[in-house]
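Engineer: One structure coming up, written as structure tokens, with questions to follow.
The values are calculated or read from the model by the stated rules, or taken from the named source; none is laboratory data. Just so we're clear, the structure is a prediction, and the values are computed from it rather than from any experiment. When the accessible area is computed, the model is the full protein with side chains, heavy atoms only, and any ligands, DNA or RNA have been set aside. Shrake-Rupley method; radii C 1.70, N 1.55, O 1.52, S 1.80 Å.
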Amino acid sequence: MNVLLLEDEARIASFVSQGLREQGFVVEACDNGTEGYALALERTYDVVLLDIMVPGMDGLAILKGLRGAGHTVPVILITARNELDDRLAGLNLGADDYIAKPFYVEELVARIHAVVRRTSGERQNLLAVGPLRLDRITRDVTCGGHRVELTAREFNLLEYLMRSPGRVFTRTQILEHVWGYDFNPSTNVVDVAIQRLRKKLDSLLDPLDDPSWIESVRGVGYRFRAPEASR
């Protein structure tokens, strides 16, 4: 899942970001409310983790602005234990949950999954292209009933491609959404990851009938499509 973290305490932001990334999340961290609000409006996230007390636009104003603009992205407030009034105000403004500092990353992960299930529904957490199935909650991938073992990065890459079958993604787009915006754009990690993912998926196909799930578009990038579409 793609997560936007608004937290101005560097130690907490680093702790949360690292913990979530180890669990397979793609995290974009921001320490300024005004900049974070702009990101939440411009980009697509599965959940927003929002500290109420951030510089610039404060957390409650951000939440009010998002809901007023019609954005239904799940929002989890990060609060101090004595901020009962702020928690109540946030819930009344449309927050989906809150978590009080200090907290364990495992608890935060459980709360993220819970709000995504409640707000999106199980069907939206299941991606299917042909016989390939991807469950965003359990992080299981199956093809024709056979389980496909993927690393966390491979899972995120496959999810990103499966969201828009037939669409051509550039290497830069894939790098930004799966690895993060601060990654070196000249690296070949995208090509290497695509090759590994393609090998795992295509091992379940008949090479004579179904060439590949992931098509290379010369000079541009990659496209995901059901193998039968190539016949």
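Engineer: Given the options Ile76, Ile12, Ile62, which has the most mean-square fluctuation in a GNM of the chain, springs set between C-alpha atoms less than 10 angstrom apart?
Structural biologist: In the Gaussian network model the winner is Ile12.
Engineer: Helix 10-22: angle to the longest alpha-carbon principal axis of the chain, degrees 0 to 90, nearest 10?
Structural biologist: Helix 10-22 sits at roughly 30 degrees to that axis.
Engineer: Taking only Cα atoms and a 10 Å spring cutoff, compute GNM fluctuations for the chain and point out the largest among Leu150, Leu204, Leu126.
Structural biologist: Residue with maximal mean-square fluctuation among Leu150, Leu204, Leu126: Leu204.
Engineer: Quick check: with the 1.4 Å probe, what order do Lys101, Lys199 take by accessible area, largest first? Could you put the intermediate results ahead of the total?
Structural biologist: Numbers: Lys101 40, Lys199 160 Å².
So the residues, ranked largest to smallest area, are Lys199, Lys101.
Engineer: Counting only protein heavy atoms and a 1.4 Å probe, tell me what percentage of the chain's accessible area is made up of carbon and sulfur.
Structural biologist: Details: 5860 of 11790 Å².
The C+S portion of the solvent-accessible surface of the chain is 50 percent.
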